Amino acid sequence: MPSPLRVAVSMSGGSSLGAYHAGAMAALLVAVGHLHGEEDLDVEIDVVGGASAGALVATLSAYSLMEGVDPVRLLHQAWVDGVSLDLLRGREGPRRSSTRCCESACPRCWILAPTAPSPTGNRIASQAASSCTSR
């Protein structure tokens with residue numbers, strides 16, 4: 001068997017750049033999943049890191065890898081659906097989907113609350129519901 005493809009990712013900081021990093025990282029994680037599952041190639045992501053917004057993307061990406069959560073859905077929720085100018089300015093509380101795993105304001109439920117089926121079929125709500133400690 002050939003040696004695995006080893007990947008390390010480092011992302012820069014910059015507020016709006018984080019959204020671009022999130023899209024690129026989600027695409028990379030989907031591609032790695034495809035290579036591993038469909039092409040039977042061994043790909044190892046050894047490290048992900050970043051500064052500022054890049055660190056947020058790296059953290060969410062590592063979380064999706066470790067927990068088996070759909071990276072596209074998670075990063076889209078964090079950078080597109082879950083933010084607003086009023087939220088960033090502190091004028092409103094966290095925006096939540098109408099469907100969530102618990103009734104509290106835990107950040108896990110806020111980020112992982114599904115609003116549409118996962119395009120890759122990974123578990124989203126069930127993952128949050130099974131490990132949520134806020135009930």
Review point. With all protein chains present and a 1.4 Å probe, how do Tyr63, Tyr20 order by accessible area, largest first?
Key: Tyr20, Tyr63
Point to revise | Solvent exposure, largest accessible area first (probe 1.4 Å, DNA, RNA and ligands not counted), of Leu29, Leu85, Leu35 | key: Leu85, Leu35, Leu29
Study note, to complete from the structure: Simple SL model, points at 7 angstrom along Cα→Cβ for His34 and Arg89; separation in nm is 4.1
Revision key, fill the gap. The correct ranking of Arg73, Arg6 by accessible area at 1.4 Å, largest first, is Arg6, Arg73
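The values are calculated or read from the model by the stated rules, or taken from the named source; none is laboratory data. Please read all numbers here as calculations on a predicted model, not as lab measurements. Quick reminder, even Gly has a Cβ in these numbers, built from the backbone with ideal geometry, and neighbours come from all protein chains shown. SASA here: full protein model, heavy atoms, side chains in, ligands and nucleic acids out. Shrake-Rupley method; radii C 1.70, N 1.55, O 1.52, S 1.80 Å.
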